[in-house]
Amino acid sequence: MLSKAEKTKQFILQQTAPLFNMKGFEGTSMADLIGSTGLTKGALYGNFHNKEDLAMEAFKYAVGRVKELVKERVDRETTYKRQLRAMLDFFAEYVFHPPVAGGCPLLNTAVQADDQFPGMRRVVVKELMSTVMFIYNLLNKGIQAGEFRKDINARELAYTIFCSVEGAIMFSRAERSEEPMKIIIKHCKKLINEISI
């Protein structure tokens, strides 16, 4: 069971993660943070060292929420091929219905981390690599289970799938159209079918 301090911290992250995800680090003001939580500046900084610390923890919270939902969806399936397809279906729905308002926290924060918030860069890279490795592990386990061909380069394919999906999220949200995502999901599923035994 969470302590009162842990519950407060969790509440702050739930309330501020969408703000940082939508407005970015620079665009999120102290007034925004106070307004979304109903807490004072002192109460916020009593739980987090500074705005950078809060933004980093809010990013981790947002990414953690996405990963948790992806894992739930994937774990329902019994084969690695179906798990990969379930992951793709999740992102097809996710593009306009993200669990944290504002879209993909990885995509949004990666752009900011490079330009506006250098301290966040290593955290973003770690999460990007974690997602690529999640896909890689599904592919690799599928090879070992005899579901996928042994001659594929699982690492390259994991990068291809991940970067394709992230690009489709960006394009679909910018264009306000599901079409780019549908095209990429169809392409990724075709790749999975082509490597299947």
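Laboratory data are not the source of any read-out in this text; all were calculated from the coordinates shown. Every value quoted in this text rests on a predicted model; they were computed, and no experiment measured them. Neighbour counts are summed over all protein chains in view; Cβ atoms, including those assigned to glycine, are modelled from backbone coordinates with ideal geometry.
What to note about this one:
- Each label was represented as a point 7 Å from its Cα along the Cα-to-Cβ direction; for A5 and A31 these points are 3.2 nm apart.
- Each residue of region 162-179 was assigned a 3J(HN,Hα) from its phi angle through the Karplus expression (A = 6.51, B = -1.76, C = 1.60, θ = phi - 60°), giving 4, 5, 5, 5, 4, x, 5, 4, 4, 5, 4, 5, 5, 7, 6, 9, 7, 4 Hz with x at Gly and Pro.
- A Cβ-based charge dipole, computed about the Cα centre of region 60-195 with Lys and Arg at +1 and Asp and Glu at -1, lands at about 320 debye.
- Taking a ≥ b ≥ c as the square roots of the eigenvalues of the Cα gyration tensor, region 112-197 is classed as oblate, since a/c reaches at least 1.5 and a/b does not exceed b/c.
- Applying a threshold of 28 Å to the alpha-carbon distances of K9/K141; K4/K60; K60/K150; K71/K126 flags K9/K141; K60/K150 as lying beyond it.
- Taking 0.36 nm per residue of sequence separation and removing the Cα-Cα distance, the N50/E77 pair yields an extension gain of 5.5 nm.
- Arranged from fewest to most other beta-carbon atoms within 10 Å of their beta carbon, Y136, Y80 become Y136, Y80.
- Using the Cβ-Cβ distance between A145 and F96 with R0 set to 30 Å, the FRET efficiency works out to roughly 0.35.
- The trypsin sites (Lys or Arg not before Pro) of region 23-83 meeting both criteria, a DSSP state outside H, G, I, E and B (loop) and at most 12 other C-beta atoms within 10 angstrom of the site's C-beta, are R76.
- Karplus-derived 3J(HN,Hα), 6.51/-1.76/1.60, for each residue of region 183-197, Hz, glycine and proline x: 5, 5, 4, 4, 5, 5, 5, 5, 4, 5, 5, 5, 8, 6, 9
- Taking 0.36 nm per residue of separation and subtracting the current Cα-Cα distance, fully stretching the chain between I152 and S177 would add 5.8 nm.
- In this structure, the amide hydrogen of F148, modeled 1.01 Å from its nitrogen in the peptide plane, lies closer than 5 angstrom to those of I143, I197, counting only residues at least 5 positions away or on a different chain.
- Across all Cα atoms of the chain, the radius of gyration (one decimal) and Dmax (whole number) stand at 18.5, 59 Å.
- Per residue, the average separation of C-alpha pairs within less than 8 Å and at least 6 apart gives the chain a relative contact order of 21 percent.
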